[in-house]
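The values are calculated or read from the model by the stated rules, or taken from the named source; none is laboratory data. Source: prediction; values computed, not measured. No Cβ is skipped: glycine too gets one built from the backbone with ideal geometry, and neighbour counts run over all protein chains shown.
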Amino acid sequence: MSNPFTVSLVSWHDGEPLLRAIREAVFIREQNVPEELEWDDMDGGSRHALALSLNGDAIGCGRILPNGHIGRIAVLPEWRNKRVGTAIMEALLDEARARGLKQVDVDAQVQALPFYHLFGFVESGKEFMDAGMPHKKMKLKLKPR
């Protein structure tokens, strides 16, 4: 059966209202990330994955910076455990491969480590706090498809 959603790569310019709504719901309201930590000057130069339900509602997102850092992966609660996050990550990894990147990295919330392990990410360094939550740096060496 096909997914009840789509994932597209968009610019911040084209997707900002939808991307902003997802990140506000998940990071700012649900996880209590301060607004000043959520919004940075990296969005404009990043490529964003945007997941939409079949009726057009924004349900998840993520971004990849020009240097290959993947982050801001967020899925609305009612869409979790339905492969939305997986599809977002696959789109971002495909984008990294298309750019010819050899490696990508994430700053993963510790509770999300198993998700990143599914893609082959490997933990590196010590646990650190970011926006009041424990994180670990993770890296993935990319193989061409």
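Has the stretch 53-62 got any residue that is among the polar types (S, T, N, Q), modelled with pLDDT of 95 or more, assigned to a helix (DSSP H, G or I) and surrounded by 12 or more Cβ atoms within 10 Å (Cβ to Cβ)? No, the stretch 53-62 has no match at all. Here residue 81 clears all of (1) assigned to a loop (DSSP other than H, G, I, E, B); (2) on the phi < 0 side of the Ramachandran plot; (3) not hydroxyl-bearing (Ser, Thr, Tyr) except the condition numbered (2).
Take residue 70 and decide whether it is surrounded by 13 or more Cβ atoms within 10 Å (Cβ to Cβ), among the β-branched types (Val, Ile, Thr) and outside any strand (DSSP E or B). When the stated conditions are applied, residue 70 does not pass them. For the stretch 114-125, the set of residues classified as part of a helix (DSSP H, G or I) and either surrounded by 15 or more Cβ atoms within 10 Å (Cβ to Cβ) or charged (D, E, K, R) (or both) consists of 115, 116, listed by residue number.
Here's the yes/no breakdown for (1) outside any helix (DSSP H, G or I); (2) within 15 Å of the chain's Cα centre (by Cα); (3) of a type in the set (A, V, I, L, M, F, W, C):
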position	(1), (2), (3)
85	no, yes, no
95	no, yes, no
112	no, yes, yes
127	yes, no, no
134	yes, no, no
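With respect to the stated conditions, residue 3 fails to be out of contact with any helix residue (DSSP H, G or I) (no Cβ under 7 Å at 6 or more places or on another chain), exposed (fewer than 15 other Cβ atoms within 10 Å of the Cβ) and of a type outside the set (Asp, Glu).
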